[in-house]
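**Student:** Here's a structure for you.
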Amino acid sequence: MARIMIVEDDDAIGGRLAATLRSQGHACEWCPDGASALARAGRAPADLVLLDLGLPDADGFELCCGLRKMLPGAVLVVLTARTSEMDVIEALESGADDYLTKPFRLAELQARIAAHLRRAEPGRADGPISSATAPCSSTAPPGAASPRRARWSCGPRSSTCWSSWPPRPAAR
């Protein structure tokens, strides 16, 4: 099935998530900190990342942005205890595709993972766009078609750049 990276510093949560997802046939790697997550992302691609924002060695938003750059085709799901609206917004602007707060319902998380992976299947019209076929519109030649999914240019603490979405009709 899918290759899932779990970035979670809590042993009980990380272990339970990994065991549950493996029992569903997914290949899981559990990373207890930001450094191991970045190392793993550099070694092998992941289809989906479950990311806790409260890690001991990394700012969760910067890690989200870094993982988005390293794994442009992966689905990034933030799974965190942070509940403020601004945290949700900053995570989504940092490259996250979804945001769930702890405590979470395992069945809901499983359903969200299944939905994200279903949409990310190759060959689907609404599936992921590779970095080779979807450059950021700020670097695309004038008049080039806009990508379906915006790519981001992440800087420190969410200085994100969304390409225009939805695409505007060409001027006549």
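**Student:** If Val7 satisfies every condition in (1) open to solvent by 50 Å² or more (accessible area, probe 1.4 Å); (2) under 21 Å from Ala115 (Cβ atoms); (3) within 15 Å of the chain's Cα centre (by Cα) but one, which is the exception?
**Tutor:** Against the list (1) open to solvent by 50 Å² or more (accessible area, probe 1.4 Å); (2) under 21 Å from Ala115 (Cβ atoms); (3) within 15 Å of the chain's Cα centre (by Cα), Val7 comes up short only on (1).
**Student:** Which one of these is of a type in the set (S, T, N, Q), in contact with a strand residue (DSSP E or B) (Cβ under 9 Å, 6 or more places away or on another chain) and over 17 Å from Lys102 (Cβ atoms): Ser23, Ser36?
**Tutor:** Of the residues listed, the single one that is of a type in the set (S, T, N, Q), in contact with a strand residue (DSSP E or B) (Cβ under 9 Å, 6 or more places away or on another chain) and over 17 Å from Lys102 (Cβ atoms) is Ser36.
**Student:** Quick one: is Gly25 at pLDDT below 95 and at positive phi?
**Tutor:** no
**Student:** Here are Arg112, Arg82: which of them is under 16 Å from Gly60 (Cβ atoms), of a type in the set (Lys, Arg) and surrounded by 14 or more Cβ atoms within 10 Å (Cβ to Cβ)?
**Tutor:** Arg82
**Student:** I've got another one for you. Failed condition for Leu63, given (1) surrounded by fewer than 19 Cβ atoms within 10 Å (Cβ to Cβ); (2) modelled with pLDDT of 50 or more, with all others met?
**Tutor:** (1)
**Student:** Among residues belonging to the stretch 84-103 that are farther than 17 Å from Leu55 by Cβ and part of a loop (DSSP other than H, G, I, E, B), point out the one that is nearest to the chain's Cα centre (by Cα).
**Tutor:** Asp97
The values are calculated or read from the model by the stated rules, or taken from the named source; none is laboratory data. Computed from a predicted model, the values in this text were never measured in an experiment. FYI the Cβ positions are ideal-geometry reconstructions off the backbone, even for glycines, and counts take in every protein chain you see. In case anyone asks, the SASA skips ligands and DNA or RNA and just uses the protein heavy atoms, side chains included. Shrake-Rupley method; radii C 1.70, N 1.55, O 1.52, S 1.80 Å.
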